[in-house]
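Everything below concerns the one structure shown next.
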Amino acid sequence: MRNVSTRKRAPNRARATAKLDAYELPLEIPLDPAKMKPNRFAGRVKVPHGGKRAGAGRKPAVETVERHTVTLFKSQADYLRTLDANLSKAIRALVERSR
């Protein structure tokens, strides 16, 4: 009894490439610099990509932010979360109110 596989077999690569290689290409094509013409489009095209776009990137902050560690009681943290889900924003809002 023959073992029947459900996988598809890979195509025979030797037969596929034989059709493509029906003609021979030379390994090197000799070029005569005397017969060459200058590229008339060289230097005319301005490539629009690359470099910075005007207005791109992160905007500079009005004031720099410093990293500090604050230790709070759970009840204090819960109160701050009622002001804002982001604790840093809530603390900044309280500081602004007290000014």
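The values are calculated or read from the model by the stated rules, or taken from the named source; none is laboratory data. Keep in mind that this is a model prediction, so the values were computed, not measured. Note that each Cβ is placed from the backbone with ideal geometry, even for glycine, and that neighbours are counted across all protein chains shown. These area figures cover heavy atoms from the full protein model, side chains too; ligands, DNA and RNA do not enter into them. Shrake-Rupley method; radii C 1.70, N 1.55, O 1.52, S 1.80 Å.
One residue stands out among those in the stretch 57-99 that are hydroxyl-bearing (Ser, Thr, Tyr) and either in contact (Cβ under 8 Å) with a residue 24 or more places away in the chain or part of a loop (DSSP other than H, G, I, E, B) (or both): the one that is surrounded by the fewest Cβ atoms within 10 Å (Cβ to Cβ), which is THR69. Restricting ALA34, ALA54, ALA22, ALA42 to residues that are open to solvent by less than 100 Å² (accessible area, probe 1.4 Å), at pLDDT 60 or above and in a loop (DSSP other than H, G, I, E, B) narrows the list to ALA42.
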